[in-house]
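Each remark here refers to the structure printed beneath this line.
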Amino acid sequence: MLYYLYEMNHAAVAPLRMAASYNRTFWQSPTNPISDSPMGRSMLAGIEMFERLTRRYAKPEFGIQSISLNDKPFNVSQQTVFKLPFCNLERFTLEGLSKTQQKARQKLLLVAPMSGHYSTLLRGTVETMLEQFDVYITDWVDARKVPTSQGQFDLSNYVDYVIEILEFMGKGTNVMAVCQPSVPVLAAVAVMAQDNNKFAPKSLCLMGGPVDTRKNPTAVNDLAESKGIDWFEKNVIVKVPFPNAGFMREVYPGFLQLTGFMTMNLERHMDAHKDLYWNMVKGDGDSSEKHDTFYDEYLSVMDLTKEFYLQTVEEVFIKHSLANGIFEHHGKVVDPSVIKSTALMTVEGELDDITGLGQTEAAHGLCSNIPDKNKAHYIQKGVGHYGIFNGRRFRENIAPAIGKFMRQSKG
């Protein structure tokens, strides 16, 4: 019922959005003598705010056109190289590299979070790592767009996907798991080690991931433990409505995840939109564009399958299964201590309020048979969760440290 109410609300405001579109054309018209007056800008700003607050934000594009390497510009090409029902593997390459330069670039798999936002949230991460690596990224598919005929997708399936992708990419791959994937990716590498899989990665970097949420728990961890899994199943799981391709699939809808994110920092988001309104009234296009860029990404959300979401809450945040040695993959217990040849690096942010300090570092204790010389832990001062994988400190400090570690690892 909740999803249907959401859809009905969107349909109900459609006529108002159409009327707003016609009014925006009037107030933007260069033939309107008062379009550039304080009154005209105020009217246009109000219309823009209404349109933004009632819009359904589509999945953004990566849109990476070019990067600079050694002060020389290179065009960037993007290609879907591997497809699974719930994930597309995207590859980014630099055009114009010599064969020697291309051969020297190691492969890097970026495992993006499946936690409500699209993989494009890591656009800046891809751009930065492209300076050093041949970059691939998991582009997760919105669950409401996957027909029920494609079956379920749970935590074990996630592990399977990571293994399939690594086998497709071949030997010598480096892996970077950002936030949520840290647990299933570490489990996947452990499964590959248990099976003596020759395509196990040469290095693994876990960034701000909830490997053991008992350490320095945050509000996110406290919520999961205080509510319990039954509460989540009864209150946040709904069926995808018609006419979506995933009609009748049970999901945790992206709009609920977004509501939770917004509520955590509601005053900040309200202030940002008030500032946007007044910037538009003043005609400050640069400030408005920065706001638009951020919120176009932030407000674009995807649904997660019921089984994946509930298992993640229960296994990662309530049972702490991997840390307690009871995490199972298709009924078989996963043991990270069997990992020996994959180098391990963990990255944490000093001010991270999503994944507390120590939660990611806990992976080192679980991977007890990786030699100390093949391990590294990095704490970035002055950054929160987002700053671990994006922004100035990521570009200047974190990415170079990760690149150096990966290139030096033997695998």
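Things worth noting here:
- Candidates are the residues of region 219-242 that are part of a loop (DSSP other than H, G, I, E, B) and not aliphatic (A, V, I, L, M); the one that is surrounded by the fewest Cβ atoms within 10 Å (Cβ to Cβ) is PHE242.
- Hits in region 333-362 - residues which are in contact with a His (Cβ under 9 Å, 6 or more places away or on another chain) and either surrounded by fewer than 18 Cβ atoms within 10 Å (Cβ to Cβ) or farther than 20 Å from GLY382 by Cα (or both): LEU344, LEU351, ASP353
- Filter pass, ILE354 being among the hydrophobic types (A, V, I, L, M, F, W, C) and either touching a strand residue (DSSP E or B) at 6+ places or on another chain (Cβ under 9 Å) or not assigned by TED's automatic domain parsing to the domain that holds VAL185 (or both): no
- Within region 194-213, residues that are assigned by TED's automatic domain parsing to the domain that holds GLY384 reach partners that are of a type in the set (Asp, Glu) and in a helix (DSSP H, G or I) with beta carbons closer than 7 Å, at six or more positions or on different chains, in the pairs PHE199/GLU167.
- Selection status of ARG393, among the charged types (D, E, K, R), surrounded by fewer than 21 Cβ atoms within 10 Å (Cβ to Cβ), free of Cβ contacts under 8 Å to residues at least 24 places away in the same chain and touching a strand residue (DSSP E or B) at 6+ places or on another chain (Cβ under 9 Å): yes
- Qualifying residue in region 74-92 (condition: modelled with pLDDT of 90 or more, in the same structural domain as ASP139 (by TED's automatic domain parsing), of a type in the set (D, E, K, R) and not in a strand (DSSP E or B)): no
- In region 144-169, the residues that are crowded, with 18+ Cβ neighbours inside 10 Å, among the hydrophobic types (A, V, I, L, M, F, W, C) and closer than 18 Å to PHE82 by Cα: VAL146, PHE153, VAL159, VAL162, ILE163, ILE165, LEU166, MET169
The values are calculated or read from the model by the stated rules, or taken from the named source; none is laboratory data. Quick caveat: nothing in here was measured; it's all calculated off a predicted structure. Positions of Cβ are backbone-derived with ideal geometry, glycine not excepted, and every protein chain shown enters the neighbour counts.
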